[in-house]
Every structure is written in C-alpha cells, then in structure tokens.
Amino acid sequence: MFKGLIGRKIGMTQIFDEDGLAIPVTIIEAGPCYVTQVRMPEKDGYSAVQLGFEETKPKRLTGGELGHLKRNELPPLRFLREFRAKSVQVTEGDVVKVDQFAIGDRVDVVGTSKGRGFQGGVRRYHFAGGPKTHGASDRERAPGSRSSGTTPGRVFKGSRGAGHMGNDRVTAQNLKVVLVDVERNLLGVRGAVPGARNGLVLVKEGRKQ
Amino acid sequence: MNQETLKAIETPENPNIPDLLPGDAVSVHVKIKEGDRVRIQEFKGTVLYMHNAGSNSTFTVRRVASNGIGVERTFLRNSPRVDKVVVERHSQIRRARLYYLRTRTGKSARLKQKFN
C-alpha cells in the first residue's frame, strides 16, 4: 500500500482527548497532491510514486516541468517529490488527500530543520567545554582535542567540531496521527515536526510499525 | 492565516468560565471520572495568578486545607475537565501574581474585598 503526502507545517497547538488530557499537536496542511508519475521496477528499476503539490503560475516552472505535468493533464505544480512504495495502487493523474491516513496511524514526517548558522562544538554536539573556574581563560567553550597526536597526525574526516548546524533533512519517526480534517486538508500529529512554520514537509507511512 | 487555521482546531473557550482576576475567591467545579461515572468536585480558593497563552491558558487557585496546609492547583482554561467556575468575590489587589500569600497565614492572609 502506498501512503504519502506533501504538505506545509502550519504550527503547533494542543487539543484534548476524550479523557480531557492535553495532547501537543503539530498541524500540517497536507495535500491535495497529484500523482505525477509512477515508477515501475520493469521500467525504472524500482517502484515509487511521484507526487506534486501546490499549484503555481505556469511561468514559474521550466518547460520541461510543464511538459512532464502536461502528460497527465495536470495543473502547474510547484513541488514534485518521490515516495518509495512497495506496492502501488494509484495511477498517474490521481489525487491523493489526507483521508488515506486515519486517527491512530503511525507516520514519519520529513522536514528541513531550522538553520542555526555556524555553531561551536558545545552547541552543535553537546561538547562539555572547559572548566569555568580554576584559572581557566578563554577555555569555557573550547572543543578540547579533536584527535590523537603524531599517529595518525591528522584529523579524520567526519570528526565532530564546529561548523554549520541545521538546515538538514530530518525525519521525525513514528508520530501518531491525532487529527484528520479532509475538508480543510489538515493533518495533526502528536509531537513536534522538524522545520519552521510554512516549511515543506513530507508525510510517509511509519517505518517502525 | 496560519493562526486562524490553528484557532479553528483548538478547543473553543468554555462559556462557563467567566473572566477571572488574581485575588478572586472562586469555586472550580472539576469533573472527576470514577470508572464509568463522572462526578463533580468543587475546589474553593483564591486565584493566585493567571497564565494567558491562548489555548494553553491556565489559572492557579490556592486553598488552605486542614491543618493550615496550602494546596495549589493549576487548571487549563480550555480543559473539558473544568465544568464551570463560580466567582464568589473580587479583591483589592496591587500586583498580578499573589505569591506573597504563600508566606502568610491567618488574618494577614486575607484580601480586602472589592465592590464594583
């Protein structure tokens, strides 16, 4: 079964369950998405569904994109994203909406985390820093040693240190669906979702079920 | 536009909770679930402070229980567990957060009533 949607993060709030307990929810405006292409193992070597989201002006797209959408008589769409699927039950030109998810389902949400700029090791990797007292000067947020000495005589690639933080693709796994509003194309998941408000998010079927 | 979308999802305000002020003597009617029965328990006390934050707004009520032990309870304004709130009297107060009541007992813990 293929399940997936492209959407935008609206923001967080809280709702109450039937016992009166407050649940933190992230609201995602998801879909409606068009199935723009279906990838088949015979033809493409793998099976996946390409979805398109958010109508836009034709002049914002390239001729190639417009031609790709025109194959199935689809409107100009701003975002095209592929979702891997084990079995595909949709055909090109279909519209998929939030009603494919039900309350209680587990989903994974992919987003782009907020950019934090160039950050030191203390903030980026929770390094402990140096001592705050005992005569320490300029060592409070120092990273310490990055590597061994003469052997190997260099810093291995991928070692943790200061650098650019955030603005990465992040997946929040196993979030529970607590709200489905087909009329307004809204999906509510328990807990936080990566990224800023209005950021593009992909909602997929949970992998950890 | 996003804020409006969120508003539409949040629980609507409880019409049985009037506007509260710190220092109000209130009686909070709380729904309590016992098995499959729901009964209502009253919690009487003074509003210590409000936390106004949209759908996450709360108010804290202080009550001096037996043996002079103070009990404070914080209620979510929009919670369906709060059945209703009755304001019994308003008080003359000069600050928004009446933390000083915690250190006081007996006569000095009283607040002057405000009539309007």
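Every number here is computed from the coordinates shown, using simple stated rules; none is lab data. As the structure is a computational prediction, the values presented were derived from the model and not from experiment. A quick note on method: Cβ atoms are made from the backbone with ideal geometry, for glycine too, and the neighbour counts reach across all protein chains shown.
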Original post:
Distance in nm between label sites at residue A:66 and residue A:97, each 7 Å beyond Cα in the beta-carbon direction?
Top reply: 3.0
**OP:** Can you check what the Kirkwood hydrodynamic radius comes to for region A:116-165, Cα pairs only, in Å to one decimal?
**Re:** 12.1
**OP:** Give me the distance in nm between label points sitting 7 Å out from Cα along the Cα-to-Cβ direction at residue A:46 and residue A:90, one decimal.
**Re:** 1.8
Original post:
Which FRET efficiency value, to the nearest 0.05, is calculated for residue A:3 and residue A:140 with the Förster distance at 51 angstrom and r the Cβ-Cβ distance?
Top reply: 0.55
Original post:
What ranking, highest mean first, results for peptides A:133-144, A:195-206 when packing means the other Cβ atoms within 10 Å averaged over each residue?
Top reply: A:195-206, A:133-144
**OP:** Would you please name the GluC sites (Glu not before Pro) within region A:7-94 that are DSSP coil residues with at most 11 other C-beta atoms within 10 Å of their C-beta?
**Re:** A:18, A:73
Subject >> Dimensionless Rg/Rh of the protein assembly as shown - Kirkwood Rh, Rg from C-alpha atoms >> reply: 1.12
Original post:
How well do other chains shield peptide A:8-19, expressed as the mean number of their Cβ atoms within 10 Å of each residue Cβ?
Top reply: 4
Subject >> Cα-Cα pairs of chain B separated by more than 23 Å (percent) >> reply: 36
**OP:** Measure off 7 Å from each Cα along the Cα-to-Cβ vector at residue B:110 and residue A:171, then give the distance between these two points in nanometres to one decimal.
**Re:** 6.7
